[in-house]
Amino acid sequence: MMSTSPGGVGTAPSPGRRAVRRKVSFGLTAALAAAVVVVGSTGPAAAATAPSAAAPNFGANVTVFDPSMPVSQIQATLDAVHTAQVDAEMAPNRYAFLFKPGTYGTAEQPLQVKVGYYTEIAGLGASPTDVVINGKVEVYNRCLADGGTSNCLALVNFWRTLSNLTINVNSAGQDGCRGSANFWGVSQAVSMRRLNITGANLSLMDYCTAGPQYASGGFIADSKLPFVVSGSQQQWLTRNSQVDGWSNGVWNQVFSGVVGAPTDEAFPNPPYTTLATTPVSREKPYLFVDAQGKYQVRVPSARFDTSGVSWADGMTPGRTVPLSDFYVAKPGDSVTKINVALALGKHLLLTPGVYDIARSIEVWRPDTVVLGLGQATLTAVNGSVPLDVADVPGVIIAGVTIDAGLKESPVLLRVGRKFNLLRWSNPNNPTTLSDVYFRVGGPHIGKTDTALQVNSNNVLIDHTWVWRGDHGVEGFTDTERWNTNTGRYGAVINGDDVNANGLFVEHFQKYNTVWNGERGRTILYQNELPYDPPTQADWMNGDVEGYAGYKVGDHVRTHTLYGGGVYVFNQNNPSIHTENGFEVPNRPGVQLHHVMTVNLSAGIIDHVVNGLGDPADTTRIGSPVYVNQYPAP
């Protein structure tokens, strides 16, 4: 993700400067890794201070905190892992920190949590108000130049999770600027869910660290928030939440079912898109500890045409599944063992780590839950399809990252079969993908034809980032990457009645998103075209220059998109053209609301949609070309 918007607080950032990603790898030394495992253990040392039932065996990289533990001990544990993970963008280690119900930190000794790569911070209460952190939970800019003192931004602050707790913001011990907000400077593959934040503003950019302070997130759901400073955030989806106020917006800010959301009558100045209710939603499953100290998983029900948080009147509607009904997997477990457990009716909990998957994990029973902790990652081996979901209703895949491997996979996650006359689905119980992320390249060479393929009907996508890496540790030039890290299609939606809340897809070599199903709906779409086509000849769709970032099939009669952006940065060859950012059938049932293209300093998108809209070229770097409604009313 690149940005050209320097930004500040209180006004919309102006375009004109380009951030540069440093293409480096970060790793832990053996000694440091060993130290981190010790402090991150759920074994006897960690469990000894817990007065209630001991935590299940989640493995070495899950830490369960109890409010009886000294704040200094908790702080030291979190600080050690943050030090290891703050720059570990392409490293293999994964962590989850879980807080039992109670209060952590005091007015005099607040708990200051900093969240690095591949780290999950979550409360274990039935309600977000059951776990209270007096202090902060924050992400700051990374400084990528001059030994870590300049080029400070949030553009590569990926892969972290925050959920199910209250943050009573306490800035004791921090300087004046840091004391002005709880900072959450992030970009893609980062979610905030089930939060209750009080005491100070929430800032989605880090305006205290040296610039340029670009940010490119992001996603919030099911949260009660104070005043929010969006700042330099290029795009953001806030869903089914409550806010005390909102400022700023660079290109594309979408609110769906948010109490207190700003109106969108003045679009694109500011660039807000507001839906009073969310047509289809389902909150992500979450772990909690009940009154007897037993671990349970709450599986929320699907909801329709709703606004506000799901927990306002008590426990989130849904069903409770005891953790004993889950197979708790650890890296190194065989897929055969996992599949046998699934076939016998178990759900699946993936503990933090990287899983090498040489044959598909097969989910074929309705209502099965697959829940990952700490950015659990499935890596394709020998061209496998790491995760294969049958044409059945109610399956939930949540908190899982899927990586392409060295040999090309046909697809990384397949939901249903493309040709299946016996499809079984239920509009009231959609199969749901929550915080499911994809990578092609980055930590290693990756190859796939398609990342996400949805063939089933009645599927809900609730926040995904489908990424063909524009940088990583592979050691290639951008031209070499075009022929080595190969991914043709990002998301291909063949099923009918599929909804996507927060669809982020980037850098694929043909269509980033192809929507062939009827009655599809997307609420916020973000896309960057590939940076690395070597020549125009490499970026041709027959006689058409380039592939649109969002393609609706020519036969489709009904489709809706709210808030969409396609960005261009052809750094390999700035002369390359893409004819349209969006390509859709021109018929009344296909509706695009608030869409735009933008130039990030190289290449040209000639039109926004179907030949309509001015070029996004280098005469207007960082200044979007908007189409408010297509077709025109």
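Each peptide in 419-429, 269-279, 595-605 was scored by the mean count of other Cβ atoms within 10 Å over its residues; highest first, the order is 595-605, 269-279, 419-429.
In order along segment 588-598, phi translates into HN-Hα couplings of x, x, 9, 10, 10, 10, 6, 10, 7, 10, 8 Hz, rounded to whole numbers, per the Karplus curve 6.51 cos²θ - 1.76 cosθ + 1.60 with θ = phi - 60° and x for Gly and Pro. Can you give the helix-only mean residue ellipticity at 222 nm for the chain, where every DSSP H stretch with n ≥ 4 adds -39500 (n - 2.57) and the sum goes over all residues, rounded to the nearest 500 deg cm²/dmol? Theoretical 222 nm ellipticity from helices: -2000 deg cm²/dmol. The convex hull drawn around the Cα atoms of segment 31-276, when projected onto a plane and averaged over every direction, covers 13.3 nm².
Over all projection directions, the Cα-based convex hull of the chain averages an area of 24.9 nm².
Amide H contacts of Ile621: none lie under 5 Å away among residues 5 or more positions distant or on a separate chain (H built 1.01 Å from N in the peptide plane; Pro and chain starts excluded). Once you list every other residue whose beta carbon is under 15 Å from the beta carbon of Gln235, what net charge do they have if Lys and Arg are +1 and Asp and Glu are -1? Combined, the nearby Lys, Arg, Asp and Glu give -2. Remark: segment 426-433, residue by residue, has Karplus-estimated 3J(HN,Hα) of 9, x, 8, 9, x, 4, 10, 10 Hz, where x stands for each Gly or Pro and the curve is 6.51 cos²θ - 1.76 cosθ + 1.60 at θ = phi - 60°.
Would you please report the Å³ per residue occupied by the convex hull of the alpha carbon atoms in segment 324-630?
Expressed per residue, the convex hull around the Cα atoms of segment 324-630 is 121 Å³.
Report, in whole Å, the centroid distance computed from the Cα atoms of segment 439-481 and segment 334-378. Centre-to-centre distance over Cα atoms comes out at 20 Å. Per-residue 3J(HN,Hα) values for segment 368-374, derived from phi via the Karplus relation 6.51 cos²θ - 1.76 cosθ + 1.60 with θ = phi - 60°, read 6, 10, 10, 10, x, 10, x Hz in sequence order (x marks Gly and Pro). Taking each of Lys284/Lys407; Lys418/Lys510; Lys407/Lys510; Lys114/Lys224; Lys100/Lys136; Lys330/Lys418 in turn, the alpha-carbon distance tops 23 angstrom for Lys284/Lys407; Lys330/Lys418.
Coordinate-derived values only; no laboratory data. Bear in mind that the values here come from a model prediction, so they are computed numbers and not experimental data. Using ideal geometry, Cβ is built from the backbone for each residue, glycine included, and neighbour counts are taken over all protein chains shown.
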